[in-house]
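The values are calculated or read from the model by the stated rules, or taken from the named source; none is laboratory data. Please read these numbers as outputs of a predicted model, since none were measured by experiment. So basically every Cβ, Gly included, is an ideal-geometry build from the backbone, and we count neighbours across all protein chains shown.
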Amino acid sequence: MKIEQKKLETFLNKIAMEKSQQIMECVFDFSEKGLKIGATSPPALARVSGLLKSNAFKDFKQLDKLGIDNLQEFINVVKRFKGDITIKNEGSLLTLKGTGKEVDITLADLDFISTEKDDPNLEFDDTFEIPEGKMLDIFSDVKLNTDSAITIRTEAKKVLISNTGKYKFKHVLEAPSCKGGTTSEYGEPLMDAISKLTGKLEISIKTNYPLRVLEKTEDSIVTVIVAPRVHEE
């Protein structure tokens, strides 16, 4: 089967997250719906799951589950190609082939890949949408500070996002679906977990509870769950 290099790279970057929450190992599950990946960050502060839809591929085929022991290195290999990439698996080898170039990648034993099969079952009090690029704009403001906390508070039909630090920004967003009454605080893990999600986001929240971020595009569905910031007494 084949896929455009940029589509594969973009999806894997979203799954990999970054910095403190960067995913190292995962399983590529080429199911009938497409490429499914789910993994938890090493500090266990963020969980990501995603589907690169079968229609994003050309001549999509189901494959055996593939163990990847260093996702960032795999992404760096994908970056070495341009145009369409042909994907083929034989035993413990995964072969990527482009125009005039191919690479054989030794796969990891699935028994040594630590990952949960399903996302946790969570219930939320409020869900709202954030326009494309808005969360990245908020993060750019927050990053003018060091170790800043981000507070997300919902009111009736409104969301307020603010941060601590020398430069205390406040963002007010219209949110017709919000009932209001929830407040949670998040730290750097939130920025590291979702900074690669550039589309319109659906965010679900509950007071002092993990946050769920959902991004749907033409090619993929990605869900990220991030733990709240905990204050030590």
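Being polar (S, T, N, Q) and without any contact (Cβ under 8 Å) to a residue 24 or more places away in the chain is the filter here, so list the residues in the range 70-98 that pass it.
Those that are polar (S, T, N, Q) and without any contact (Cβ under 8 Å) to a residue 24 or more places away in the chain: N76, S92, T95.
Which is among the acidic types (D, E) and in contact with a helix residue (DSSP H, G or I) (Cβ under 6 Å, 6 or more places away or on another chain), of E4, E9, E32?
Of the residues listed, the single one that is among the acidic types (D, E) and in contact with a helix residue (DSSP H, G or I) (Cβ under 6 Å, 6 or more places away or on another chain) is E9.
Quick grid of which residues meet (1) aliphatic (A, V, I, L, M); (2) modelled with pLDDT of 95 or more:
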residue	(1), (2)
N13	no, yes
K33	no, yes
G50	no, yes
K53	no, yes
D59	no, no
L63	yes, no
V78	yes, yes
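Kindly indicate which of K158, K101 is more than 24 Å from K7 (Cα to Cα), without any contact (Cβ under 8 Å) to a residue 40 or more places away in the chain and of a type outside the set (G, A, S).
Among K158, K101, only K158 is more than 24 Å from K7 (Cα to Cα), without any contact (Cβ under 8 Å) to a residue 40 or more places away in the chain and of a type outside the set (G, A, S).
So, of the residues in the range 47-82 that are touching a Gly at 6+ places or on another chain (Cβ under 6 Å) and not in a strand (DSSP E or B), which turns out to be surrounded by the most Cβ atoms within 10 Å (Cβ to Cβ)?
F81
Results for (1) surrounded by 15 or more Cβ atoms within 10 Å (Cβ to Cβ); (2) part of a loop (DSSP other than H, G, I, E, B), shown as yes or no for each residue.
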site: K166; (1), (2): no, yes
site: G181; (1), (2): no, yes
site: V213; (1), (2): yes, no
site: R229; (1), (2): yes, yes
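Do you know which of the residues in the range 186-203 that are part of a strand (DSSP E or B) and crowded, with 19+ Cβ neighbours inside 10 Å is farthest from the chain's Cα centre (by Cα)?
Across the range 186-203, the extreme among qualifying residues is Y186.
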